[in-house]
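For reference, the structure is listed below as structure tokens.
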Amino acid sequence: MSKPPIDELDRQIILATQEGLPLTTTPYFDIAQKLEVEENEILTRMQKMQEQGIIRRISVVPNHYAMGYKANGMSVWDVPDEQIDQLGQQLGQLPFISHCYHRPRHLPEWPYNLFAMIHAHDRETVEQRVAQVAEILGDSNRGHQVLYSKRILKKTGLRLPVERK
């Protein structure tokens, strides 16, 4: 089933929010003022676009470096494929893992299929947390590595062009 195309106001809402919501106490009101519509219209349309999958999510993306989390380790694990969903759910619940996901192996060079990002103030803490994960995984852990970030990468989704062609 195909999604209905967005109309011009939906497009304007996306353009007004794709770099982030205004950093004010009334972001939706501010967008409405800019687009000359009612605030409720913005909220209703954004909710509908989210339900349709046009907008995946609205969330805060903190800069962990600015918060003092300078040791960032992507732990990669070789676990049995038939256990990956259960193990991923378990690891994703840990308070020190920001995201956890399944990725394909690339044998023979890359046997890892479960990735879990660990942020900490220092590498020693990351290593302690990796040891905790290894303990949780137990015999399901057939090997792992930690890949440390060297720089921050700005994560962005699709951006609409400002002018239609």
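With θ taken as phi - 60° and the Karplus curve 6.51 cos²θ - 1.76 cosθ + 1.60 applied, the whole-hertz 3J(HN,Hα) list for the range 71-83 is 9, 10, x, 8, 8, 10, 10, 9, 10, x, 4, 5, 10 Hz, x standing for glycine and proline.
In this structure, the amide hydrogen of Leu114, modeled 1.01 Å from its nitrogen in the peptide plane, lies closer than 5 angstrom to those of Trp77, Val79, Arg103, counting only residues at least 5 positions away or on a different chain. Taking amide H atoms as placed 1.01 Å from N in the peptide plane, the amide H of Leu147 lies under 5 Å from those of Met74, Ser75, Val76, each 5 or more residues away in sequence or on another chain. Residues in the range 45-60 carry Karplus couplings, in order, of 5, 5, 5, 5, 5, 5, 4, 7, x, 6, 10, 6, 6, 10, 8, 8 Hz; the curve used is 6.51 cos²θ - 1.76 cosθ + 1.60 with θ = phi - 60°, and Gly or Pro positions show x. Is the range 1-62 best put as rounded, prolate or oblate by its Cα gyration tensor, with a ≥ b ≥ c the root eigenvalues, rounded for a/c under 1.5, and otherwise prolate when a/b is larger than b/c, oblate when not? Taking the square roots of the gyration eigenvalues as a ≥ b ≥ c, the range 1-62 is oblate.
For the range 115-132, backbone phi angles converted through the Karplus equation (6.51, -1.76, 1.60; θ = phi - 60°) give residue-by-residue couplings of 10, 9, 8, 10, 10, 7, 6, 8, 5, 4, 5, 4, 4, 5, 5, 4, 4, 4 Hz, Gly and Pro being listed as x. Extension gain for Glu36 to Glu109 (0.36 nm times residue separation, less C-alpha to C-alpha distance): 20.7 nm.
Values in this text are rule-based calculations from the coordinates and carry no lab data. Remember, predicted model here, so these are calculated numbers, not experimental data.
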